[in-house]
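What follows is one structure encoded as C-alpha cells, with my remarks underneath.
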C-alpha cells in the first residue's frame, strides 16, 4: 500500500499569498536542478554558436577580437572550475596556477625540446590534471574554506617557484614561444584564425560540460556536493570522485593555459598568481557555476566590463567588487541563475517546483 | 548462519565506551527492532556497522565476509544500506534525481528496480518527482530518505528512527511500508522509541543499555523482562512503557 501525503496542505497561507511568494521564489530560487525543455536548450545553443562563429565578421575591430580571445580561453579554464565548484562543490582560488602549469609545461617543452603547440598540448593537459589531483589530496581531509586556503597557498608557491626557476622557467621575465604550428591552409598568426582555434576548444569544453552534467557521472558529483555522508551511504566512492573531478578540472585548465600561452606568445609568473586566480573565482561566481553558460557569462562580463564602461584598472576592480556583492545578495546562483529564472517565470511557474509544500508536477 | 553477524563490537570515543562488546545476529527475512534509552549506543551501532565510524574492536560479518572498517561506500555496495536519524537527502536536487542517484549506484550487478520511478511509486512520492528535495515537507522528506536507501537495492536496511518527527497517521503509513519489505527479501533492522509501533512491527527486539545488549527476543517477552522495565521506567515506577 503506497503511503498518502498527509503533510501537503498544511500551509495556512491564502492562495494570493502563496502565488506572490511563489513568483518571488521563482525569480530568486536556485533552479539549476530543474532542466529547461530540450527546444529552449537547442535554440540557445544554436544562437550562441552562430553569434560566436560570426563574431570576427562583424567588423568590431582588432582590439575587440583580442578581448574576445582572452574571454574564451579564460572561459575554458572556468568550465573546469565550474565543474569542480558547480557540480562537485569544491571551490578553488588557485585556479590560475593550474592554468599556469599547463602554460609553463608547454612553454618549457617548446624551449627545451622544440615541441610545438599540438605535440605539447597533451603533455601540458596531462600535467595540469596530475597537479590538480595532487593539490586535491587535502580535500580528502578538509573541505570548504580550509581547502580554499590551501589552493591559495599553492598559487603563491607556484609563483615563487617560477620566479626562482632560473633559465628553466625564465624567472620573473618568463618564457617566449613561437606561433601555433600551422595546419594545412590555416595560419594561426592571423588573429581571426587564432580566435577560431580558441573557439573550437571552447565548444569542446562546453560539450564536455553539458555531457558530464546530464550523465550519471554528473549526478554522482552533485550527490557529493549536496551531501557527502549520504553519497557514501548509497555506495559512491567520494574520495575517488573528488580527486577525479579535480583532475578533469586540471585538464580544462591545462588546455586554457596552452591556448593562453600561444595567444600571448609570452608568459610570466604574474599571469598565474593570486590576482588572476581571484578573478577566475569571481568570474565563476558571477556567472553561475552550476549553469551551462554561467562560466562563459562570467568571463564575458569581467573581460568586457572595463571596455564597455571605459574604466581604468582601479575603477574596474571597484566595479567587480560591487558586481560580486550585488550577485551574492540578489542572485546567489549567479547571472546564469537569473537568466534561467526569468526563462522559467516567463514560461509560468507550473513546471518548476520551488519552495512551498504544494508541489504537484 | 545469519546474514549480518556482529561479534564483540566495541566503539570508544576517547574515554567514552559507546559500544562495549555487542553480539548480534540479524536475518534478512524479518524486522528486528533495536531499542534502548538515549545514549545507549543504538545509533553508534548503526554507524559502526555501516562504516560511518571505524570500530575500536570486534568484527562485523555480512553474508560471511568480514566488512569491519572497509569503508561506508563498499558496505553500501554489498547491499547493506542505512538511513540517518536526521532526515537526509540531496537537498538541492529534485526528488527524481535524488532517487536516480541511489538507483544508479544500486544497479551495478543487477538491482531490484527497473527504473527510479518504481521506487517513487512504492513510497508514494511519484507526484513530487520534480520538487526540489530541500523544499519537501518533513513527512515527504522521511519517505525520500527511505526511497534513496531502497534505491540501492538493499538486502538489509538499517533504519535509524524512521518515525521520528512524524505525526501518528504518517508514522502508521510508514510502518505499513516497512512491514512490506521483508516479504520482498529486504530485511529491516530499525531503531525507534515508539514501543507500540515497535512491538507491532518487529519479530524480534534487541535492548541496549550503556553499550551492552541486556535483552533479546520476541517483543512481548522482552518488554516483560524486569531488567528492560528497570532501564526504561526506573526501578520504582509501574506505569506502562512510553
How crowded by other chains is B:60-73, given as the mean number of beta carbons from other chains within 10 Å of each beta carbon?
2
Calculate, in nm to one decimal, what residue A:308 and residue A:111 gain on full extension: separation in residues at 0.36 nm each, minus their alpha carbon distance.
67.2 nm
Per residue of B:82-89, how many C-beta atoms from partner chains lie within 10 Å of its own C-beta, taken as a mean?
2
Spread of Cα-to-Cα distances over 5 Å intervals beginning at zero, given as percent, for chain B:
1, 7, 14, 18, 19, 17, 12, 8, 3, 1, 0
Radius, Kirkwood style, for segment B:85-153 when every pair of distinct Cα atoms is counted (Å):
11.5 Å
Please give the average number of partner chain Cβ atoms lying within 10 Å of the Cβ of each residue in B:121-133, rounded to a whole number.
5
Under a plain spin-label model, where a point goes 7 Å from the Cα along Cα-to-Cβ, how far apart in nm are residue A:214 and residue B:10?
5.6 nm
Between residue B:233 and residue A:48, how many nm apart are label points set 7 Å from Cα along the C-beta direction?
6.8 nm
Which of A:76, A:130, A:67 fluctuates most in a GNM of chain A (C-alpha springs under 10 Å)? That residue is A:67
7 Å from Cα along Cα→Cβ at both residue A:172 and residue B:121: what's the point-to-point distance in nm?
7.2 nm
Compute log10 of I(q)/I(0) for segment A:93-175 with the Debye formula, placing one identical point scatterer on every Cα and leaving out solvent, at q = 0.16, 0.19 Å⁻¹, to two decimals.
-0.64, -0.84
Calculated SAXS-style log₁₀ I(q)/I(0) at q = 0.06, 0.10 Å⁻¹ - the protein assembly as shown, Debye, Cα scatterers
-0.40, -0.93
Once the piece of chain linking residue A:191 and residue A:270 is laid out straight, how much longer is it, given 0.36 nm per residue of separation minus the C-alpha distance between them?
26.0 nm
Rounded to the nearest Å, the spacing of the alpha-carbon centers of segment B:1-32 and segment A:137-194 is 53 Å
Note the angle between two axes, namely the Cα long axis of helix B:138-151 and the longest principal axis of the Cα atoms of chain B, as a number of degrees from 0 to 90, rounded to the nearest 10.
80 degrees
Taking the C-alpha atoms of segment A:103-233, convex hull volume expressed per residue in Å³
151 Å³
May I have the pair-distance distribution P(r) for segment A:35-346, computed from all Cα-Cα distances with 20 Å bins from 0 and rounded to whole percent?
33, 60, 7
Rounded to the nearest 500, what is the 222 nm mean residue ellipticity of chain B from helices alone, with -39500 (n - 2.57) per DSSP H run of 4+ residues and division by all residues?
-9500 deg cm²/dmol
GNM on chain A, Cα springs under 10 Å; top mean-square fluctuation among A:92, A:233, A:316 goes to A:233
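Computed from the coordinates by the stated procedures, all read-outs in this text should not be read as laboratory data. As the structure is a prediction and not an experimental result, all values here were calculated from the model. Virtual Cβ from ideal backbone geometry, glycine too; neighbours counted across all protein chains shown.
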